[in-house]
Amino acid sequence: MDTHQSAGEVPAQPPAVVGYAGVLREILPIALWREDADGRIVEWSLAARDLLGHQPEDVLGRPATPLLVPDGNRDLADQLTRRVQAGETVVGTLPVRHRDGHDVTIEMWIVPATDPRGRPGTLLIAVETSEVLHMRDSLAALESLFTQSPIGLATLGPDLRFLRVNDALARMNGVSAAEHLGKRLTEVVPGVNATALESMMRQVLERGTTVVDARRTGRTPADPDRDRTWSCSYAPLLDNAGRRLGVIASLIDITEGQQAQIEAERAQHRFALLAEAGTRIGTTLDLRQTAEEVVQLLVPQLADSADVQLLEEVLEPDEAAASTRGVVRRLAAAFPEPSAPTAKLVPGMTFRIPPGSVYERVIADGLPMNLYQSDVPALITDPRSDRLRTYLTTLGSARLIPLVARGKVLGAVVVTRLRTREPFDEQDCVLVDELVARAALNIDNARMYTSQREAALTLQRSLTNNALPEVTGLELTGRYLPASDHEVGGDWFDVITLPEGRTGLVIGDVMGHGIHAAAVMGQLRTAVRTLARHDVSPAQMLRSLDAVVSDLGEDEMATCVYAVHDPATAPA
């Protein structure tokens, strides 16, 4: 017992003190003192010293009432003393005077006890009321926290075995609270990387540091078919002396919030891709370059491979025949590895769409479809494609999207993902379809421009004759150089044989580009050759050409230089 005793007289030097009373003293200090039949203090604990400020040597042997009882409570104290000495136990809340003069409200148990001489005395057990209230509130708060909190809570001992688990954590783990007790995390829910979490808790216990918001993902018996994510925090469990008694664990299920964050990031990424598509696709009117831009946008951001294919009858409409219908040509492609069997699938290759296949339905309906392993054999019938068939069986997911522009199906884009990547989900499909739809318009623009340019070139070549005639007395050299590879139109030069050994020399330019300019150029060239053969003078020739241009419309403009070489009048 951590007390000082007196046999009736105050000792010159108190005996040695044993110490404080273990765990209970740390939680709730309990003061003890005894009084003899004469009301003198004969025993005084160290907790009484801490509570009331009196050293043992200052109080032992002294009357308790004048020392400890406030003046207004003297009569009550005498009554309580008589009742206790008569054998009654008294419990109550009473003020006791502190050494410095202020009153301390104390919860007291006053029980009968024999004094050192065998007479009826009293034993007083006292706890400061404020400490009791504090403990009551702390216990109530702790109990409420454990029983009502939606956060999973647990305390674990120094051996990392569960000491207490609340219902919220039990529900998260799918294991009752009782089944947790005495077990380690690795025994209760091994499917949540429990070994790593135990290592983290051991560091918390050893270092006395706190870990906040450690994420863990896994499956528990509560939801065995779905991965869930928790935010875990761990703190050392300390007593009043700072000793580490174990670990406090708190867990919050953040699966939904984590998923919402992932979806928000994906949505932001999709929006950025759509914005990027507007700047990266269609930078030129070159058909193959546009197809390459589509592939570069899709791989690797959205897919592991992308293959842009156009119908041959769309690429070569003037040469469309039964032999080209149902044939597609690869314009651009990108695959995961150069060493893959698809490395030989270079742009320019053609193949026929298998009748009755998914590909044929996509082209016919103009609607995208997911591809499955069962679709592969029907899609790839060429015996040279065995390695490709094997490669496609290793894919995780694939989608076939038609290229539709201005109501016409131009071809299709095939996108795939390997098994090492998440398969296309619904939002991925929406994004890929939207990107391909935008790309289709750019591809169609490039296709129409290419078609018109080739038609203009063909028309221009058919209407011009770059082979210069042999003319006696003249050395003729001519070269047509367009200002740009993309500009085709109404430029021409000509040499016309005239009567009497003369030669007409012509250079002309119709304003504008394309088929229309080439057609106007052809009309003007024909008019010049006709007028020249009627021996029209250069001045009259240009006046006649001006009239011809006026007849073609108000917006037509052309320039022309016409000269006649006459060897008879030419200087020697």
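The values are calculated or read from the model by the stated rules, or taken from the named source; none is laboratory data. Because the structure is predicted, anything quoted here is derived from the model rather than measured. Positions of Cβ are generated from backbone atoms using ideal geometry, with glycine treated the same way; all protein chains shown enter the neighbour counts. Accessible surface areas use protein heavy atoms only, side chains included; no ligands, DNA or RNA. Shrake-Rupley method; radii C 1.70, N 1.55, O 1.52, S 1.80 Å.
What do you reckon, is residue 271 touching a strand residue (DSSP E or B) at 6+ places or on another chain (Cβ under 7 Å), open to solvent by 30 Å² or more (accessible area, probe 1.4 Å) and aromatic (Phe, Trp, Tyr)?
On the way: touching a strand residue (DSSP E or B) at 6+ places or on another chain (Cβ under 7 Å): no; open to solvent by 30 Å² or more (accessible area, probe 1.4 Å): yes; aromatic (Phe, Trp, Tyr): yes.
For residue 271, the condition - touching a strand residue (DSSP E or B) at 6+ places or on another chain (Cβ under 7 Å), open to solvent by 30 Å² or more (accessible area, probe 1.4 Å) and aromatic (Phe, Trp, Tyr) - is not met.
Residue check: is residue 131 open to solvent by less than 80 Å² (accessible area, probe 1.4 Å), closer than 19 Å to residue 47 by Cα, assigned to a strand (DSSP E or B) and of a type outside the set (A, V, I, L, M)? Show your work before the answer.
Values: open to solvent by less than 80 Å² (accessible area, probe 1.4 Å): yes; closer than 19 Å to residue 47 by Cα: yes; assigned to a strand (DSSP E or B): no; of a type outside the set (A, V, I, L, M): yes.
Considered against the rule, which asks whether it is open to solvent by less than 80 Å² (accessible area, probe 1.4 Å), closer than 19 Å to residue 47 by Cα, assigned to a strand (DSSP E or B) and of a type outside the set (A, V, I, L, M), residue 131 comes out as no.
Out of the residues in the range 79-125 meeting the condition of being assigned to a loop (DSSP other than H, G, I, E, B), more than 14 Å from residue 33 (Cα to Cα) and acidic (Asp, Glu), tell me which one is most open to solvent (accessible area, probe 1.4 Å).
Our first condition is that a residue be assigned to a loop (DSSP other than H, G, I, E, B); within the range 79-125, this holds for 86-89, 98-102, 115-119.
Now narrow it down to the ones that are more than 14 Å from residue 33 (Cα to Cα): 86-89, 98-102, 117-119.
Imposing the further condition that a residue be acidic (Asp, Glu) reduces the set to 88, 100.
On the way: 88: 76, 100: 107 Å².
Going through the qualifying residues, I end up with 100.
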(request) Within the range 33-87, track down each residue that is touching a Leu at 6+ places or on another chain (Cβ under 8 Å) and of a type in the set (S, T, N, Q). (result) 45, 73
(request) Being among the hydrophobic types (A, V, I, L, M, F, W, C), surrounded by 19 or more Cβ atoms within 10 Å (Cβ to Cβ) and either outside any helix (DSSP H, G or I) or in contact with a helix residue (DSSP H, G or I) (Cβ under 9 Å, 6 or more places away or on another chain) (or both) is the filter here, so list the residues in the range 274-296 that pass it. (result) 277, 281, 287, 291, 294
(request) State which residue is farthest from the chain's Cα centre (by Cα) when the search covers only the range 242-259 and only residues that are open to solvent by 60 Å² or more (accessible area, probe 1.4 Å) and aliphatic (A, V, I, L, M). (result) 245
(message) As an exercise: evaluate residue 502 against (1) in contact with a His (Cβ under 7 Å, 6 or more places away or on another chain); (2) surrounded by fewer than 16 Cβ atoms within 10 Å (Cβ to Cβ) and give the number of the one condition it does not meet.
(response) (2)
(message) Kindly evaluate residue 54 against the criterion of being within 30 Å of residue 165 (Cα to Cα) and either part of a loop (DSSP other than H, G, I, E, B) or open to solvent by 60 Å² or more (accessible area, probe 1.4 Å) (or both).
(response) no
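Do any helices (runs of 4 or more DSSP H) entirely within the range 160-203 hold 1 or more residues that are open to solvent by less than 40 Å² (accessible area, probe 1.4 Å) and among the polar types (S, T, N, Q), and if so, which?
On the way: elements: 167-173, 177-180, 185-188.
Hits in the range 160-203: 167-173.
Confirm whether residue 300 is open to solvent by 20 Å² or more (accessible area, probe 1.4 Å), modelled with pLDDT of 85 or more and out of contact with any strand residue (DSSP E or B) (no Cβ under 8 Å at 6 or more places or on another chain). Step through it out loud before you land on a result.
Values: open to solvent by 20 Å² or more (accessible area, probe 1.4 Å): yes; modelled with pLDDT of 85 or more: yes; out of contact with any strand residue (DSSP E or B) (no Cβ under 8 Å at 6 or more places or on another chain): yes.
Yes.
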